[in-house]
Structures are given as structure tokens and as C-alpha cells.
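Visitor: Got a structure here, written out as C-alpha cells. Questions coming.
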Amino acid sequence: MLKVYKSVGETLVETGVLSEKGNWINLVNPTREEIQQVALQIGLPLDFLEYPLDEEETSRIEVEEGCVLIIIRVPIIRDDLYDTIPLGIIVTENIIVTVCLENIAILSDFYSSRMKGFYTFKKTRFLLQILYKTALHYLRHLRQIDKRSEEIQQKLHRSTRNEELIKLLSLEKSLVYFTTSLRANGIVMDKLLKFHLAKDPEPLEVDARLIKMYEEDEDLLEDVITENKQALEMSEIYAQILSSTMDAYASVISNNLNMIMKFLTSVTIVLMIPTMLASFYGMNVDLPFQRSAGAFAGIVVVSIVLSLVIVLIFRKRNMF
């Protein structure tokens with residue numbers, strides 16, 4: 001899908017002209033034809049548009065003459081599981097391009113006009129706002145993971161199955177993805193900060209006209225770095241807690257199963273007493289009291305009494 005947006009005053013409008021100055025080109029799982037169309041009309045390297053379409057692509061910054069590619073990992077939810085995918089942001093002198101495999105909520109806040117202070121022609125501000133929204137979405141998903149973890153732990157108190165542990169394992173896997181992506185995103189943000197602070201940008205080979213920061217942008221970049229570090233710390237803490245929790249609840253499940261087996265064994269022993277007496281008096285041989293009219297009642301009474309005695313003994317030893 002190819003969409004082109006442009007800020008006109010305070011309003012964001014959709015346009016069909018690709019190469020107009022101040023445009024935002026948003027590519028979502030684009031076709032080969034759309035990629036080639038953007039590359040030819042804007043003059044972008046074809047690789048810059050294809051890199052973000054690889055799900056395994058890591059966060060980084062690449063520079064070619066006239067444009068800068070910034071790839072970050074953004075959080076998504078797939079089939080009730082948390083994951084991350086790459087988002088490519090290409091900054092040129094006149095236009096900014098975003099490329100992603102899916103229609104992510106981070107960008108929908110921009111083209112649905114829910115983002116204050118957003119203008120497509122302010123490329124650096126737009127870039128930092130995307131990074132800021134990404135960090136906020138990580139924090140939101142981390143709180144959701146923590147809440148889901150607590151709900152699963154409540155069920156684990158009574159569980160004897162592995163289903164809840166498997167769910168916790170999926171959350172732990174998501175936290176590993178989040179931690180890795182946040183750490184890589186942090187490196188990208190640190191590079192942007194170093195570029196801004198560097199008196200000579202040549203070591204980074206970045207044209208200063210492409211990513212030019214004003215005072216408000218500097219404050220926003222500092223906020224982005226702070227939020228990303230907070231999300232990274234939360235992700236690492238949650239991962240450690242979840243790992244230790246899984247080990248503890250694995251022992252709890254094993255103990256719950258042992259308690260059930262102990263109870264069933266006790267019940268089997270109690271039921272064995274009347275079964276044994278009935279088996280003895282079911283034999284086709286001479287037995288005591290076999291001709292007595294109260295033999296059956298006596299056997300039943302003796303069975304009940306012996307069973308109750310066994311139950312009391314087991315109760316005192318916490319077998320029930």
C-alpha cells in the first residue's frame with residue numbers, strides 16, 4: 001500500500017504527487033511496482049526501501065548521498081503474542097519516507113491526525129516523534145505483559161497442567177524480543193545524539209541539512225532516549241521476574257500433582273479395607289460366622305470402622 005500525505009496548515013491531506021516538497025510517503029507491505037515507483041521518482045536507493053521489509057532486519061543507520069536510512073524495531077501484537085518488526089524511516093532533503101511490513105498503530109496516530117504538533121515538512125521533528133511514540137508503545141505493551149503475567153500466575157496456584165507455564169514462556173520470549181529491540185533502538189538514538197553534538201559530522205557521513213535539530217528537537221530527543229531507557233529497564237526487570245517466577249511455579253505444579261497423587265493413594269488404601277474383607281468372605285471355603293444371620297452386617301460394620309480408623313490416622317499425618 002502506498003499513501004502520500006502533506007501538511008497544509010494545521011490539516012493533514014492525502015495527495016497523489018510523490019515528489020512534492022514536504023511530503024510524507026508511507027509504504028505498508030508495498031508491492032515491487034510501488035517500491036520501484038518511489039525509488040525512481042524520489043531518487044532513493046532501492047535497497048533502502050527493501051531493507052525494512054526483512055523481518056530479521058536490525059536497528060541501524062545507513063547513509064548514502066542525499067538520504068539517510070534509519071531502521072528501528074517497533075512492537076506489534078500477532079495472534080495475541082507480542083513481537084517486533086522493523087520500521088524504516090528514510091530522510092531526504094525534501095521528503096520523508098516510512099516503510100513497514102504492517103500497518104502499525106504508531107504511524108496511524110499520525111495520519112489519523114491524533115498527533116499534536118505534527119507537520120510532514122518538519123522532517124527531524126517527525127522522525128523524533130516516531131521514535132518517541134515507539135518508546136511509549138513499548139511501555140504500554142510492557143504494562144500489558146505484566147498484567148497478563150499476573151493473571152496467569154493466579155491460575156497457576158491451582159494448576160497441575162503445563163498450559164499456564166507455556167503462556168508464561170511466550171511472554172518471556174516476547175520480553176527477550178523487546179529487550180533486544182530496545183537495546184538496538186537505543187544505539188540508533190545515541191548515534192543521532194552524537195551526530196547532533198559533533199562539531200564535524202564527517203565521521204558519521206551525514207549531511208547536516210538532512211537531520212537538522214532546533215532547541216525543541218533537542219529536548220524531544222532527550223525525552224526519546226529517556227523513555228527508551230525506561231522501557232529497556234522495565235523489559236529487563238520483567239524478564240528476570242518472569243524467569244524466576246516460571247521456575248517457582250514449575251515446582252508448584254509438581255507439588256500440586258504430588259498432593260493429588262498422595263490424596264488418591266490415601267483414598268485407595270481406605271477403600272482397600274472393605275474390598276479386602278469382601279474378598280475374603282467371597283471365597284468358596286469355610287469362614288468364621290458364615291452361617292450367622294448377622295454376618296453381612298457385621299462385615300459392613302467392621303469395614304466401616306477400620307476405614308474410619310485409617311482415615312483418622314491419615315488425617316493426623318496430613319494425608320488428607
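Readers should treat all values here as calculations from the given coordinates under stated rules, not as data from a laboratory. What you see is a predicted model, and the numbers here were worked out from it, not measured in a lab. Counting neighbours? That spans all protein chains shown, and the Cβs are built from the backbone with ideal geometry, glycine included.
Visitor: In terms of modelled amide H atoms, which long-range or inter-chain residues lie less than 5 Å from the amide H of Val74?
Guide: Hits under the 5 Å cutoff: Ile85, Leu87.
Visitor: Give me the lysines in straight-line cross-link reach of Lys116: C-alpha distance below 17 Å, same-chain residues under 8 apart excluded.
Guide: Once the sequence-local lysines are set aside, what remains near Lys116 is Lys6, Lys133.
Visitor: Sorted from largest to smallest, which semi-axis lengths in Å does the alpha carbon gyration tensor of the stretch 1-122 give for its equivalent ellipsoid, taking the root of 5 times each eigenvalue?
Guide: 21, 19, 13
Visitor: Same structure, new question: Sequence-distant or interchain residues sharing an amide H contact under 5 Å with Leu101, placed H: which?
Guide: For Leu101, the qualifying residues are Asn29.
Visitor: What list of ³J(HN,Hα) couplings, whole Hz, do you get for the stretch 8-13 from phi and the Karplus terms 6.51, -1.76, 1.60, once you set θ to phi - 60° and write x for glycine and proline?
Guide: Result, ordered by residue: 10, x, 9, 10, 9, 10 Hz.
Visitor: Further question: Using the Karplus equation 6.51 cos²θ - 1.76 cosθ + 1.60 (θ = phi - 60°), what ³J(HN,Hα) coupling, rounded to whole Hz, does each residue of the stretch 15-29 give in order, writing x for Gly and Pro?
Guide: Residue by residue, the stretch 15-29 yields 10, x, 9, 6, 8, 6, 4, x, 7, 10, 9, 10, 10, 10, 6 Hz.
Visitor: Can you give the longest run of the chain that contains no GluC sites (Glu not before Pro) sitting in a DSSP loop with at most 15 other Cβ atoms inside 10 Å?
Guide: 206-320
Visitor: In what sequence do Val305, Val99 fall when counting other Cβ within 10 Å, fewest first?
Guide: Placing the least packed residue first, the sequence is Val305, Val99.
Visitor: What residues qualify as long-range amide H neighbours of Thr120, i.e. H under 5 Å apart, gap of 5 or more or another chain, H built at 1.01 Å from N?
Guide: For Thr120, the qualifying residues are Ser7.
Visitor: Taking θ = phi - 60°, what integer Hz values does the Karplus form 6.51 cos²θ - 1.76 cosθ + 1.60 yield along the stretch 67-82, in sequence order, with x for Gly and Pro?
Guide: Per-residue couplings from phi come out as 7, 10, 9, 10, 10, 10, 9, 10, x, 9, 10, 10, 6, 6, 10, 9 Hz.
Visitor: Here is a follow-up. Which percent of the Cα-Cα distances in the chain go past 34 Å?
Guide: 46
Visitor: How big is the stretch 256-316 in terms of Cα radius of gyration and Dmax, in angstroms?
Guide: Here Rg and the maximum Cα pair distance are 14.7, 49 Å.
Visitor: Among Val285, Val74, Val252, what is the fewest-to-most ranking by other Cβ atoms within 10 Å?
Guide: With the sparsest Cβ surroundings first, the list reads Val285, Val252, Val74.
Visitor: Let me ask something else about it. Greater than 29 Å separation of Cα atoms is the criterion. Which listed pairs, Lys173/Lys262; Lys173/Lys229; Lys147/Lys316; Lys123/Lys191, meet it?
Guide: Going by Cα-Cα distance, Lys173/Lys262; Lys147/Lys316 fall outside the 29 Å limit.
Visitor: Right, something else. Return the loop-located trypsin sites (Lys or Arg not before Pro) in the stretch 9-107 (DSSP other than H, G, I, E, B) with at most 12 other Cβ atoms within 10 Å of their own Cβ; answer none if there are none.
Guide: Lys21
Visitor: Another question, then. Where the only charges are on Cβ atoms (+1 Lys, Arg; -1 Asp, Glu), what is the dipole of the chain about its Cα centre, to the nearest 20 debye?
Guide: About 2260 debye.
Visitor: Working from Cα positions, state the angle (0 to 90°, nearest 10) between the long axis of helix 32-42 and the longest principal axis of the chain.
Guide: Relative to the chain, helix 32-42 is tipped by roughly 30 degrees.
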